[in-house]
Structure formats: C-alpha cells, structure tokens
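See structure below.
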Amino acid sequence: MERIQIIDAKNHVGQTVQIGAWVANKRSSGKIAFLQLRDGTAYFQGVVVKSEVPEETFQLAKNLNQETAVLITGEIREDTRSKFGYEIGIAGIEVVGESHEYPITPKEHGTDFLMDHRHLWLRSSKQHAIMQIRNELIRATYEFFNQNGFVKIDPPILTGSAPEGTTDLFETNYFDQKAYLSQSGQLYMEAAAMAFGKVFSFGPTFRAEKSKTRRHLIEFWMIEPEMAFAHQEESLEVQEQYVASLVQSVLDNCDYALHVLERDRNVLEKYTQLPFPRISYDDAIELLKKNGFEDIEWGDDFGSPHETFIANSFDRPVFILNYPKAIKPFYMKPHPTREDVVICADMIAPEGYGEIIGGSERATDYEYLLEQIKTHGLDPEEYAWYLDLRKYGSVPHAGFGLGLERTVTWLAGIEHVREAIPFPRLLNRIYP
Ligand code: 4AD
Ligand code: MG
C-alpha cells in the first residue's frame, strides 16, 4: 500500500492508501467519528463509521487525543462539502506517538501563551497557511529574479559595516575585533553588482530596534536586489513588477491558504495592476498637512499613521520619492538640483501595512561618499573596500530591500508581523 501526503489526495481517489498524520481535532457520535487530520502538507477529514470497522478501531478513534500521531489506512474519496475537496474513509488506525494534554486547544488563547508555545502553535491551521504564503513568496522571488537575469549572491552575516546607521547594531566579538550582525547586505551587493551586473540576495538581517510595534522584528529576512548601469526609475519599475508578481503568485498558488486566512482574493487582484503610483515626499507632506496632520513638518520621517493615510489615498502600493537627505543613510545619491533631498523611494503597502520596500540610487562619487561616511560618524578605514568600488569603473547603480515578513503580513492580511516568521525574535522575546 502506498503512503501518500494529504496534499496529493486528489491523485488517489478510489484507492486505499496509508497516511502519516496528527489528529488536529475530532468529533463523534454513537455511530460515526470525524478526525481532522494534518500531515504538514494540508488538513482533511477522516471518517470512521462504527458499522464498517472493528469495534476496537471505532473506540480508538473516539478516544484519540489532540496531536496524537497516527498511521491511517483507508480509501480516498471526494468530499464536495469541504473546500479541500477530499476525505479519507478510515479502515485502520495505528498510534505512532501518543499525546496528552496538548496545551493549544481549539478554544481561544492569549498572545503571550501562544508565543510561549510557538513551537506547537506552528501546527495550527492559520499559522500553517501563513507559512505557506511565506514559502510561496520565497519561491516566487527566486523565479522572478532568475527569469530577469539576476544572479543570487550571498552577503556575509558577520560584518564590520553599518549601512543603516549605528544606533540599532548588534555587536559581537570577532576574536579580538568588533563585529556586527548584518543590518543589510546592500554594501556587499553593490560590490557584487560590479562583478555580476544584476544581483539579488535573500538572507537574515538584524536590528536592535527598541520598537515594539506590529511591524518590527529584531531578526527579519530581506531580499536585496542591486543593478549596475541602472538609475532609480529603472529600479522602481523592477520593484513594482516584482511586487505585482509576488501578489500574482500568491493568487495562483495559495488559494487554500487564502481561504483559511479569509483573505479576499478580489482585494489582492487590485495589487497586480501596474504602474504603482508615485508621490514625492514634498507632496506627501502637503497631503498630510491638508488633511489635518498638524504634527508633521518637512524634514520629519513618517510614522505609521502618516504612512497609513498616504496609502489609503491610493488603491495599490504607492512609492514615496526623494526623502530629506538628513533622515536617510549615507550612501544615497544626492539630488542633481536640490541640496536637501536624495534619490530614493519607499514602497508603502495598502491597508495600513506600512513600508515594505526601501531603496535608492547609490552615490557614485568618491569624494562625496567619503565626506558622507565621515558626516555619519563612520570610520572611513572600515569602508575603504566600499570606496574602492568608486575608484575602479564606478557606474550608476540602484537597488532596494524588500522585507519578507512585512510582505507576508500584508498578503496574508494578518495583524502582526510576529506571525509571519516561524520563530520571531522580538523586543524581550528570544524563546522558543
Ligand atoms: O528601509 P530599510 O532599512 O532599507 C535597507 O536596509 C536598505 N539597505 C535596502 C537596500 O536598498 N538594499 O529596510 C528595507 C525593508 C523595509 O522596507 C522593511 O520592509 C524591512 O526591510 N524592515 C523590517 N522588517 C521587519 N522588522 C524590522 N525591524 C524591519 N526593518 C526594516
Ligand atoms: Mg526604510
């Protein structure tokens, strides 16, 4: 007998198969027991009919505890009443691993309790659906960049540089030197772009941010493309095409997960329409002032109510262009005719999900960069290699970073970024 995964049930209708699974839930009456089974690939129902199985099999089914691991044998059938579409008519049950007093029951639990049990909470159907969306975004990312001629390059995680400022660095000892956990692979990706043309990275990044918001993680994963011989406008086009392709992939390949999450497909469809609107930082400030935001002045960074208001003025993700130089990192290209802004853009997701991409054209001038490095309190010696890129065939180049968890949170339509990563690292939480 063949052992199959639940996700493949559709290919085995009418066949008797074996499935290794856990009992997620169950209900029974005197004559019939329904087991909600999960094997990591999907959930479906197993049906045990008292009159069709030996009495001990029926009693076993009725008494199975939540999260008992079982080997089930039975026949796959269509089940038109469920969204999944298939079920198994159970003939035999073998207990593989017992489970007693599983802490996460179908009743409501508080967030702290669930976070303390994250190692088990991951088994729940909603968490499972979120991770399927995360997995799809990763798959679609490789597909998009491979199809568009980008080479995957891995920047280091232990570094000596601080591209995004020195305030939120994780410092560690590197033998007798100081090192930091990477905040961003960007500077290394710029070197890689000069070696390979178009490159992208995908890896963990770390920020010791004291922010306790629903958008901030201490450890998060970023996709960072970088393109040689590209100006900002070309980068914006890649960004909108990339994000639209992510949305489309989720629509194409995550129908069941979207159903579990009750995420409206019609809402997501709108986010595949290109181009995404562009608004300058200056106009965004004006827009906010005209609409009663008295707390913001030209030169301020946006807070989440500001981003949400701007996002709600459009029906799809929006780019905010050219922020004040004073609130952005050292490496951004200065504006050709204005002293006070740099050539950059943030992409703001709809529905209040905030910034999902930060990017810019990069400064190419050696002297300008050297001066910026000093102005930002960084040690030019630690950036000598980066400055070299401006000495040997410096070219216009641009790139961006997309935060994976913010994007998962948005597309899954969930409240908090902590559910978008398997084991979140938050302010005051490193367990489990
Ligand atoms: O805007 P950021 O800081 O940009 C960079 O790091 C650039 N060096 C990227 C580049 O140009 N190569 O971060 C990029 C994105 C943000 O838009 C956001 O989606 C995500 O990373 N991000 C976070 N996600 C979760 N938790 C945090 N604490 C995050 N900080 C940034
Ligand atoms: Mg940013």
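The values are calculated or read from the model by the stated rules, or taken from the named source; none is laboratory data. From a predicted model like this one, the values you see are computed outputs, not experimental measurements. With ideal geometry, Cβ positions are generated from the backbone for all residues, glycine too; neighbour counts draw on all protein chains shown.
Listed residues 113, 175; which is away from ligand 1 (no atom under 16 Å from the Cβ) and at positive phi? Talk me through it step by step, then tell me what you get.
Numbers: 113 fails: at positive phi.
Checking each option against the conditions leaves just 175.
Mind telling me which of the residues 189, 227 ends up being within 12 Å of ligand 1 (Cβ to nearest atom) and either more than 19 Å from residue 331 (Cβ to Cβ) or in a strand (DSSP E or B) (or both)? Before the answer, list the steps.
Details: 189 fails: either more than 19 Å from residue 331 (Cβ to Cβ) or in a strand (DSSP E or B) (or both).
Only one candidate qualifies: 227.
Just give me the residues in region 391-432 being over 9 Å from the mean Cα position of the chain (by Cα) and of a type in the set (Asp, Glu), in sequence order.
415, 419
Go through 86, 102 for me and flag whichever is touching a helix residue (DSSP H, G or I) at 6+ places or on another chain (Cβ under 7 Å) and over 30 Å from residue 206 (Cα atoms).
Working: 102 fails: touching a helix residue (DSSP H, G or I) at 6+ places or on another chain (Cβ under 7 Å).
From the options 86, 102, the qualifying one is 86.
Does region 298-318 contain at least one residue that is part of a strand (DSSP E or B) and buried (at least 18 other Cβ atoms within 10 Å of the Cβ)?
Scanning region 298-318, I find at least one residue that is part of a strand (DSSP E or B) and buried (at least 18 other Cβ atoms within 10 Å of the Cβ), so the answer is yes.
From the list 73, 68, pick out the single residue that is surrounded by 14 or more Cβ atoms within 10 Å (Cβ to Cβ), under 34 Å from the mean Cα position of the chain (by Cα), modelled with pLDDT of 95 or more and not small (Gly, Ala, Ser).
Values: 73 fails: under 34 Å from the mean Cα position of the chain (by Cα).
So the residue among 73, 68 that is surrounded by 14 or more Cβ atoms within 10 Å (Cβ to Cβ), under 34 Å from the mean Cα position of the chain (by Cα), modelled with pLDDT of 95 or more and not small (Gly, Ala, Ser) is 68.
Can you tell me how many residues within region 333-371 are closer than 30 Å to residue 263 by Cα and either modelled with pLDDT under 95 or within 15 Å of ligand 2 (Cβ to nearest atom) (or both)? Break it down into steps so the answer makes sense when it comes.
Going through region 333-371, the residues closer than 30 Å to residue 263 by Cα turn out to be 345-359.
Subset that is either modelled with pLDDT under 95 or within 15 Å of ligand 2 (Cβ to nearest atom) (or both): 345-349, 353-359.
Matching residues across region 333-371 total 12.
Consider only pairs whose beta carbons are under 7 Å apart and that are at least six residues apart or on different chains; among these, list those whose first residue lies in region 41-57 and is under 30 Å from residue 135 (Cβ atoms) and whose second residue is among the polar types (S, T, N, Q).
Note: pairs meeting the criteria are 41/5; 43/36; 43/125; 45/36; 45/82.
Just checking, which of 389, 427, 402 is more than 16 Å from ligand 2 (Cβ to nearest atom) and under 27 Å from residue 354 (Cβ atoms)? I'd like the intermediate steps shown before the answer.
Values: 389 fails: under 27 Å from residue 354 (Cβ atoms); 402 fails: more than 16 Å from ligand 2 (Cβ to nearest atom).
Just one listed residue meets the conditions, 427.
Going residue by residue through region 90-103, is there one that turns out to be buried (at least 17 other Cβ atoms within 10 Å of the Cβ) and either of a type in the set (Gly, Ala, Ser) or more than 24 Å from the chain's Cα centre (by Cα) (or both)? Walk me through it before giving the result.
Narrowing region 90-103 to residues buried (at least 17 other Cβ atoms within 10 Å of the Cβ): 90, 93.
With either of a type in the set (Gly, Ala, Ser) or more than 24 Å from the chain's Cα centre (by Cα) (or both) added as a condition, the list becomes 90, 93.
Yes, because at least one residue in region 90-103 is buried (at least 17 other Cβ atoms within 10 Å of the Cβ) and either of a type in the set (Gly, Ala, Ser) or more than 24 Å from the chain's Cα centre (by Cα) (or both).
Just checking, how many residues over region 341-364 are of a type outside the set (A, V, I, L, M, F, W, C), in contact with a helix residue (DSSP H, G or I) (Cβ under 6 Å, 6 or more places away or on another chain) and more than 9 Å from ligand 1 (Cβ to nearest atom)?
Qualifying residue count, region 341-364: 4.
With (1) closer than 23 Å to residue 27 by Cα; (2) assigned to a helix (DSSP H, G or I); (3) of a type outside the set (Ser, Thr, Tyr); (4) in the same structural domain as residue 224 (by TED's automatic domain parsing) as the list, and residue 140 as the residue in question, which single condition is left unmet?
Status for residue 140: all satisfied but (1).
Would you please list the contacts, defined by Cβ atoms under 7 Å and residues six or more apart or on different chains, that run from a residue in region 270-282 that is closer than 7 Å to residue 318 by Cβ to a residue that is in a loop (DSSP other than H, G, I, E, B)?
So the pair list comes out as 276/316; 276/317; 277/314.
Taking residue 409 and the conditions (1) under 30 Å from residue 139 (Cβ atoms); (2) assigned to a loop (DSSP other than H, G, I, E, B), which numbered condition does it fall short on, given that it satisfies the others?
In the conditions (1) under 30 Å from residue 139 (Cβ atoms); (2) assigned to a loop (DSSP other than H, G, I, E, B), residue 409 misses (2) alone.
Considering each of 412, 420 in turn, give the residue that is touching a Lys or Arg at 6+ places or on another chain (Cβ under 7 Å) and within 10 Å of ligand 1 (Cβ to nearest atom).
Values: 412 fails: within 10 Å of ligand 1 (Cβ to nearest atom).
It is 420.
If a residue must be assigned to a loop (DSSP other than H, G, I, E, B) and either touching a helix residue (DSSP H, G or I) at 6+ places or on another chain (Cβ under 6 Å) or outside the structural domain of residue 312 (by TED's automatic domain parsing) (or both), how many such residues does region 281-297 contain?
Total satisfying the criteria: 1.
Can you say whether residue 354 is crowded, with 18+ Cβ neighbours inside 10 Å, on the phi < 0 side of the Ramachandran plot, touching a strand residue (DSSP E or B) at 6+ places or on another chain (Cβ under 8 Å) and not hydrophobic (A, V, I, L, M, F, W, C), as far as the supplied structure shows? Don't jump to the end; show me each part of the working.
Working: crowded, with 18+ Cβ neighbours inside 10 Å: yes; on the phi < 0 side of the Ramachandran plot: no; touching a strand residue (DSSP E or B) at 6+ places or on another chain (Cβ under 8 Å): yes; not hydrophobic (A, V, I, L, M, F, W, C): yes.
So residue 354 does not fit the description; no.
From the residues in region 221-231 that are surrounded by fewer than 21 Cβ atoms within 10 Å (Cβ to Cβ) and more than 15 Å from residue 150 (Cα to Cα), which one is farthest from ligand 2 (Cβ to nearest atom)? Let's see the steps before the verdict.
First, pick out the residues of region 221-231 that are surrounded by fewer than 21 Cβ atoms within 10 Å (Cβ to Cβ): 221, 228-229, 231.
From the residues that got through so far, the ones that are more than 15 Å from residue 150 (Cα to Cα) too are 221, 231.
Details: 221: 15, 231: 20 Å.
Among them, the one singled out is 231.
Do we have residue 135 as surrounded by fewer than 17 Cβ atoms within 10 Å (Cβ to Cβ), in contact with a strand residue (DSSP E or B) (Cβ under 9 Å, 6 or more places away or on another chain) and not in a loop (DSSP other than H, G, I, E, B) here?
Details: surrounded by fewer than 17 Cβ atoms within 10 Å (Cβ to Cβ): yes; in contact with a strand residue (DSSP E or B) (Cβ under 9 Å, 6 or more places away or on another chain): no; not in a loop (DSSP other than H, G, I, E, B): yes.
No, not satisfied.
Would you be able to say whether some residue in region 236-253 is away from ligand 1 (no atom under 16 Å from the Cβ), at positive phi and either at pLDDT 95 or above or not β-branched (Val, Ile, Thr) (or both)?
First, the residues of region 236-253 that are away from ligand 1 (no atom under 16 Å from the Cβ): 241, 244-245, 248-253.
Adding the requirement that they be at positive phi leaves none.
No, the conditions are met nowhere in region 236-253.
Out of all the residues in region 372-381, is one or more part of a helix (DSSP H, G or I), modelled with pLDDT of 95 or more and surrounded by 14 or more Cβ atoms within 10 Å (Cβ to Cβ)?
Yes - at least one qualifying residue is present in region 372-381.
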